[in-house]
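Presented below is the structure to which this report refers.
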């Protein structure tokens, strides 16, 4: 009996470690290009003093570690719960996935700090021609529609091209109705 408990604990630690290593590898793939651009830019153009280079390296390491632990927490905490809830809804009332997908996509954009920064910057650069709130809500509605379409596509087994081709056709058509 004691061996089973210890073996179960060892398996838990092995699973935990395996998941953490996988997340670390994914974060490394995401951060490495940014680090490479920083190194090449500094070598060719910026030529920052060593203290600033250390600060940039520290920032990259902290960003990578923070992202790694955040994603790990999401994977072990939120994703299993989300998968279970999604499976229950899909099994009992799949039509609910479409509006739920829209709401999740919409709210995610409203809550995303980088989108807030981006919309403020666009409003500033455009001299107010593109209002910050308008851009924020257009982005949120667009992402909500995209997530709802993704749910609809999976639910009704719609081919991806049946969504992409009309979407691109609409985008190209709208180009004729906007000012340069």
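Observations, loosely collected:
- Choice from 80, 33, 94 showing the highest fluctuation, given a GNM over the chain with Cα pairs closer than 10 Å: 33
- Once the Cβ-Cβ distance of residue 22 and residue 62 is raised to the sixth power relative to R0 = 35 Å, the FRET efficiency obtained is 0.95.
- Highest-fluctuation residue, 168, 72, 137 considered, GNM on the chain with Cα pairs under 10 Å: 168
- Note on residue 74 and residue 88: their simple-model spin labels are 2.3 nm apart, each label 7 Å out from Cα toward Cβ.
- Convex hull projection area averaged over all views, region 1-79, Cα basis, nm²: 6.9
- Dividing the convex hull volume of the alpha-carbon atoms in the chain by its residue count gives 210 Å³ per residue.
- Debye log10 I(q)/I(0) at q = 0.12 Å⁻¹ for region 93-180, Cα point scatterers: -0.48
- Taking the helices alone, the chain has a mean residue ellipticity at 222 nm of -28000 deg cm²/dmol, built from -39,500 (n - 2.57) per DSSP H run of at least 4 residues and averaged over all its residues.
- When only Cα pairs below 8 angstrom with a gap of at least 6 residues are kept, the chain shows a relative contact order of 18 percent.
- Label point distance in nm, residue 154-residue 14, each placed 7 Å from Cα along Cα→Cβ: 3.1
All of the numbers you see were taken from the coordinates with simple rules; none came from a lab. All of these numbers come straight from a predicted model, not from anything done at the bench. Neighbour counts are summed over all protein chains in view; Cβ atoms, including those assigned to glycine, are modelled from backbone coordinates with ideal geometry.
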